[in-house]
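*Asks:* There's a structure below that I have some questions on.
The values are calculated or read from the model by the stated rules, or taken from the named source; none is laboratory data. Note that the structure is a prediction, hence the values are computed from the model and not measured. In this analysis, Cβ positions are derived from the backbone assuming ideal geometry, glycine residues included, and neighbour counts consider all displayed protein chains. Keep in mind that these areas ignore ligands, DNA and RNA; they rest on the heavy atoms of the full protein, side chains included. Shrake-Rupley method; radii C 1.70, N 1.55, O 1.52, S 1.80 Å.
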Amino acid sequence: MDNFIVSARKYRPATFHTVVGQMHITSTLQNAIKNKHLAQAFLFCGPRGVGKTTCARILAKTINCFKPTAATEACDQCESCVSFNNGQSMNVHELDAASNNSVDDIRSLVDQVRFAPQLGQYKVYIIDEVHMLSTAAFNAFLKTLEEPPAHAIFILATTEKHKIIPTILSRCQIFDFNRIQIDDIAKHLAFIAQSENISAEMDGLHIIAQKADGALRDALSMFDQIVSFAGNSITYKAVIDNLNILDYDYYFKVTDFILEENISECLLLFNEVLNNGFDGHNFINGLAEHYRNLLVSQDNTTLQLLEVGNNIREKYKEQSKKCSLHFLINGLNTLNTADYKYKVSKNQRLLVELSLMQMCTVQLLKNSQVAEKKNDSIEQSSVPKLASPAISPLPINASSVSEPKPENLAIPAQNIEVKPKQAPAIPSFSINSFTKAKPEEASKTGSETVVSVKSESPKAEFTQEQLELSWKKFADKMNALGKLNFYSTLTSHKPQKKDNFQLEFTLDNKVQEEEVNREKLELLGHLRRELNNMEIQLSTTINKNESEKRPYTNVEKFKHMLAINPAIETLRKQLDLEV
């Protein structure tokens, strides 16, 4: 029986050209080799499975090749390349810092550095997971890393660059490896499937690539697992069954039900998801990702952000035409809130079901808001406009009418009057307010006519009981808004009605008076609307007797306690406390 070799080892890149998704790294290294600008210390950092150690081995192999190609690749035929491929090269030393992280391990490596290579030009030392070295080991390595022999090259690899001390970072050329793109992983998996005579659906390979989260090694491991499960035919169904992933069809169905405002079907579908063994949190996150994909599918310029197979892409484009922008953004906001609250919720299933119900009723809520706006606009349009003043018609001779000049137009703060110089002339009038108005007097003289219009403000009478009821209503509103201190101030005493619609409110101290003054405009506006009286005024007074006997601030409370029990001062000094 032949020994099985996993795809991550069998198809491990052997040249710079075959490295997947790290073109910015490989091209830089090739140019450095070609131009003989090779540094003596490199730091390769990035997530797992993106090719850090692979690039380090390719670099070590290429710089010792006797006959590199024109594209700056190893020839794979010279003695150095053959010994490297067979794992017998004496010029490449690999150290796993995760298990060899002591000072003695680094000292042993430093002792080997002084010996020149027997075959080739360079000795390359690859230290993997270098962030696992102890601080003492880093310090023992500093001098050699800064001034190594001409034949020594160090390549450090790590997944956690932030754990490496700055003195090490400053001595290395740093290369940041990116997560490999989903399309690049899917294409590489398709190449491997073709090489192994395996038929594979691109939609299934895209699912593997998404699940790998940018790590090619993880994608190859999942690929081998699915081949063992499904044989030589990898289908989309086989991938989602083996990797325990929710099918896209669930999200397309639930979105259709939400568009139809069918709450019952949404709840039944979510119950089916739970019965299949999936977690409600995964369903919420998957549905949020689905809504995001629908959002980017509405515009051709953002369609490239959709990282799915071609068949799934067409489904997204078709369903996105049914969804409005308001529908998608509201849904994303609801799902994001559910995701945030899921872990702290005691009834997680109810949280997800409530979110689905809210999303189903988004159109209903929008229609109700539109109806409210229409009602508001109707109410505003029903407010009577400024009545035109009644002006008696006068005989006007066109030849005798002279247009008033701007300098003769006096515009006082309260009244606007326009008076023509000669008579007969165009009658002028003054307007005192843009509220309801009626012509009160019209006086005529030999040379001019003046019509004055005065405003009428509502001045409805009200009782003390009506005042207290309106006052309590405003206090309850402040309590609902979370302004508890102001609510306490409003309910501490009752306002008193005085003559000429003057209100007097008694307070206990200056702090309460400042609170009332801050909210005075809003309070007056509420009272005037509720009592239909625009001449209501509010004044505040402080009850000195009450403020003297009731402590309010922390200092006053402490002095009050101290007067009752003087031993509190001794306790404060012993514990070194401050008021």
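*Asks:* Spin-label point model (7 Å from Cα, Cβ direction): what's the His93 to Asn282 distance in nm?
*Replies:* My value for the distance between the label points is 4.7 nm.
*Asks:* Determine which residues of region 320-353 fall in the zone a paramagnetic label at Gln298 would reach in this model, i.e. backbone nitrogen under 14 Å from the point 7 Å along Cα→Cβ.
*Replies:* 320-333
*Asks:* Also: Could you sort the peptides 5-14, 554-563 by per-residue average Cβ neighbour count (10 Å cutoff), highest mean leading?
*Replies:* Top to bottom by mean Cβ count within 10 Å: 5-14, 554-563.
*Asks:* Normalise the Debye intensity by I(0) for region 7-59, one equal point scatterer per Cα, no solvent, then take log10 at q = 0.21, 0.23, 0.29 Å⁻¹ and round to two decimals.
*Replies:* Taken in order of the listed q values, log10 I(q)/I(0) reads -0.79, -0.93, -1.36.
*Asks:* Let me ask something else about it. So for region 1-132, Kirkwood radius off the Cα pairs, Stokes-Einstein at 25 °C and 0.890 mPa s: how many µm² s⁻¹?
*Replies:* Translational D for this selection: 153 µm²/s.
*Asks:* Once you place label points 7 Å from the Cα toward the Cβ at Asp176 and Ser492, how far apart are they in nm?
*Replies:* 5.7 nm
*Asks:* Sticking with this one: Can you tell me the dipole magnitude for region 238-328 around its Cα centre, using point charges on the Cβ only (Lys, Arg +1; Asp, Glu -1), in Debye to the nearest 20?
*Replies:* With only Lys, Arg, Asp and Glu charged at Cβ, the dipole is about 300 debye.
*Asks:* Hey, with R₀ at 25 Å, roughly what FRET efficiency would Asn500 and Asp476 work out to, going by the Cβ-Cβ distance, to 0.05?
*Replies:* Between Asn500 and Asp476 the formula returns 0.35.
*Asks:* Distance between the C-alpha centers of region 34-65 and region 483-528? Whole Å please.
*Replies:* 75 Å
*Asks:* Right, here's the next one. Taking square-rooted eigenvalues a ≥ b ≥ c of the alpha carbon gyration tensor, is region 319-366 rounded, prolate or oblate, where a/c under 1.5 means rounded and, failing that, a/b exceeding b/c means prolate?
*Replies:* Cα axes put region 319-366 in the prolate bin.
*Asks:* Using only Cα atoms, figure out Rg for region 183-247 and give it as a multiple of 2.2 N^0.38 Å.
*Replies:* 0.95
*Asks:* Counting Lys and Arg as +1 and Asp and Glu as -1, what is the net charge of the other residues whose Cβ lies under 15 Å from the Cβ of Arg518?
*Replies:* Residues close to Arg518 contribute a combined charge of -2.
*Asks:* Assuming 0.36 nm per residue, please report the length gained on full extension of the stretch Phe191 to Gln225 beyond their Cα-Cα distance.
*Replies:* Working: separation 34, 0.36 × 34 = 12.24 nm, distance 1.70 nm.
Length gained, Phe191 through Gln225: 10.5 nm.
*Asks:* I would also like to ask the following. Could you compute the net charge surrounding Tyr11? Neighbours are other residues with a C-beta less than 15 Å from the C-beta of Tyr11; K and R count +1, D and E count -1.
*Replies:* Numbers: positive: Arg9, Lys10, Arg12, Arg57, Lys187, Arg217; negative: Asp184, Glu196, Asp218, Asp224.
Taking every Cβ under 15 Å from that of Tyr11, the sum is +2.
*Asks:* Also, quick follow-up: Specify whether the C-alpha gyration tensor of region 456-499 places it in the rounded, prolate or oblate class, a ≥ b ≥ c being the square roots of the eigenvalues: rounded for a/c under 1.5, otherwise prolate if a/b is larger than b/c and oblate if not.
*Replies:* Since a/c reaches 1.5 and a/b is larger than b/c, the shape of region 456-499 is classed as prolate.
*Asks:* Using a Förster radius of 30 Å, what is the FRET efficiency between Leu469 and Asn543 based on their Cβ-Cβ separation? Nearest 0.05, please.
*Replies:* Efficiency computed from Cβ-Cβ geometry: 0.80.
*Asks:* PRE reach from Lys343 (point 7 Å along Cα→Cβ): which of region 276-296 fall under 19 Å by backbone N?
*Replies:* 279-289
*Asks:* I would also like to ask the following. Using a 1.4 Å probe on the protein chains only, how many percent of the accessible area of region 1-151 belongs to carbon and sulfur?
*Replies:* That fraction is 50 percent.
*Asks:* Note down the net charge around Phe252, summing +1 for each Lys or Arg and -1 for each Asp or Glu among other residues with Cβ under 15 Å from its Cβ.
*Replies:* Details: positive: Lys253, Arg292, Arg313, Lys315, Lys317, Lys321, Lys322; negative: Asp203, Asp247, Asp249, Asp256, Glu260, Glu265, Glu272, Glu289, Glu314, Glu318.
It works out to a net charge of -3.
*Asks:* Could you let me know the centre-to-centre spacing of region 96-154 and region 282-317, using Cα atoms, in angstrom?
*Replies:* Each part reduced to its Cα centre gives a spacing of 48 Å.
*Asks:* Right, next: Give, in nm to one decimal, the length gained when the segment between Asn336 and Ser27 is fully stretched (0.36 nm per residue of separation minus the Cα-Cα distance).
*Replies:* 107.2 nm
*Asks:* Continuing with this model, one more query. Between Met561 and Glu147, what FRET efficiency follows from the Cβ-Cβ distance if R0 is 60 Å, with the result rounded to 0.05?
*Replies:* 0.25
*Asks:* Which loop-located trypsin sites (Lys or Arg not before Pro) does region 77-152 contain, where loop means any DSSP state but H, G, I, E or B and the Cβ has at most 15 other Cβ atoms within 10 Å?
*Replies:* Arg114
*Asks:* Continuing with this model, one more query. Is the C-alpha gyration tensor of region 126-236 telling us rounded, prolate or oblate? Criteria: a/c under 1.5 is rounded; beyond that, a/b larger than b/c is prolate, otherwise oblate.
*Replies:* prolate
*Asks:* Could you rank the peptides 238-245, 198-205, 221-228 by their average count of other C-beta atoms within 10 Å per residue, with the highest value first?
*Replies:* 198-205, 221-228, 238-245
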